[in-house]
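Step one of this worksheet: look at the structure below.
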Amino acid sequence: MSAHIDSVKTYALVFAGLIFLTVATTYVATVDLGPFSVVVALGIAVCKMLLVALFFMHIRHSTKLTKLVVLGGLLWLGILLTLTMSDILTRGALGVPGR
Amino acid sequence: MASQAHVETLALREQFDTEAQQKDASTLGMWIFLITEIMFFGGMFLAYTVYRGAFPMVFAVASSSLALILGAVNTVVLLCSSFTMVLAVRAAQLGQQRAIILFLILTLLLGGVFLGVKAYEWKDKFEEHHIPGPTFHLEGVATDQQGHAQLFFSLYFAMTGLHALHMVIGVGILTFLIFQTRKGRYTADYMTPVDVAGLYWHFVDIIWIFLFPLLYLIDRHMK
């Protein structure tokens, strides 16, 4: 078995970090940061996702192929979001002749 | 190793050369399934983003009507369950059968608490007439914009409902694993089902990590 076994301490630290970030994001939501509240909330969510994926889901110790497949999946999600939003957000940008 | 015919075991099926190869194949297969799930949920996140961009003020009012404390508590409960799940996987890697069962049961209980709180929240929504339909009414939103508020709650129920469905399936998987572990099926050499079930459980956790800020938090200060 080539599996790398992390210590309970590592997992406990990651868990503590996740709880801290949850408290932080809940608190920050009550503060008016204007348009940055979205950025902060999603930034914290991405940090939490990375902690869970890298440590709890063992991506740190995964094979290169698995890492590549995961990145590929996120890339496709990025394509879905970026291309759709680039359409939605720019529909009014150019006038339509004859309208 | 590969040259001689080997006795087939759970940890080394005939079609694989080494145990490590079989393990990597299982992990990769699970991740490919999870990526299809990412795209599945991704469509809903996209729909949410589009409509939130279209009706930001109504979405802010609707989002603020959700119970912040319950959402935050549920996030903590789910993170705890991920922690106990990863400890179950660790116990499986070490072949500690009793510890696997203990941590799987803890995970199962925490999953149950999450679903219970979720059900309580939904019950509140019923009583407040926040279920999209003929009797829908959201306070603080003009009459001609009630439809936009219904959009928010349609997305809310679709996304949390789909997430809860995944939790229910996860609970079923955990129950299966507990019984299999009791039979002594998983050892330090072969614990792939526990491992991939862990990946599934953490994935469902990650979905909630994004649902919580998007549905409950982002527009709270705009109220």
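The values are calculated or read from the model by the stated rules, or taken from the named source; none is laboratory data. Here the structure is a predicted model, which means the values were calculated and not measured. Neighbour counts are summed over all protein chains in view; Cβ atoms, including those assigned to glycine, are modelled from backbone coordinates with ideal geometry.
For the stretch B:155-204, the candidate set comprises residues that are of a type in the set (S, T, N, Q), surrounded by fewer than 21 Cβ atoms within 10 Å (Cβ to Cβ) and under 15 Å from B:Gly95 (Cβ atoms); within that set, the residue that is nearest to the chain's Cα centre (by Cα) is B:Thr192.
If you check B:Ala72, B:Ala88, B:Ala119, B:Ala142 for being among the small types (Gly, Ala, Ser) and over 19 Å from the mean Cα position of the chain (by Cα), only one passes: B:Ala142.
Just checking, does the stretch B:25-48 include any residue being surrounded by fewer than 21 Cβ atoms within 10 Å (Cβ to Cβ), out of contact with any Ser or Thr (no Cβ under 7 Å at 6 or more places or on another chain), over 23 Å from B:Leu199 (Cα atoms) and of a type in the set (A, V, I, L, M, F, W, C)? Yes: the stretch B:25-48 contains one or more residues that are surrounded by fewer than 21 Cβ atoms within 10 Å (Cβ to Cβ), out of contact with any Ser or Thr (no Cβ under 7 Å at 6 or more places or on another chain), over 23 Å from B:Leu199 (Cα atoms) and of a type in the set (A, V, I, L, M, F, W, C).
Residue-level analysis places B:Asp189 among those that are at the interface with another protein chain (Cβ under 10 Å from one of its Cβ atoms), farther than 30 Å from B:Leu68 by Cβ, among the acidic types (Asp, Glu) and outside any helix (DSSP H, G or I). Look at the stretch A:42-66: where a residue is within 17 Å of B:Ser26 (Cα to Cα) and a partner is in a helix (DSSP H, G or I) and of a type in the set (Phe, Trp, Tyr), sitting 6+ places away or on another chain with Cβ atoms under 6 Å, you get A:Thr66/B:Trp31. Of the residues screened, A:Thr22 is not one that is in contact with an Asp or Glu (Cβ under 8 Å, 6 or more places away or on another chain), at the interface with chain B (Cβ under 7 Å from one of its Cβ atoms) and surrounded by 12 or more Cβ atoms within 10 Å (Cβ to Cβ). Quick check on the stretch B:37-51. Is at least one of its residues within 10 Å of another protein chain (Cβ to nearest Cβ), of a type in the set (Val, Ile, Thr), under 18 Å from A:Ile79 (Cβ atoms) and under 19 Å from the mean Cα position of the chain (by Cα)? Yes - at least one qualifying residue is present in the stretch B:37-51. Of the residues making up the stretch B:57-69, those that are within 11 Å of another protein chain (Cβ to nearest Cβ) and surrounded by 15 or more Cβ atoms within 10 Å (Cβ to Cβ) number 4.
Among the residues here, B:Arg185 does not qualify as modelled with pLDDT under 90, out of contact with any Pro (no Cβ under 6 Å at 6 or more places or on another chain) and not aliphatic (A, V, I, L, M).
Annotation: of all residues in the stretch A:25-41 being at the interface with chain B (Cβ under 8 Å from one of its Cβ atoms) and not in a helix (DSSP H, G or I), the one that is surrounded by the most Cβ atoms within 10 Å (Cβ to Cβ) is A:Ala29.
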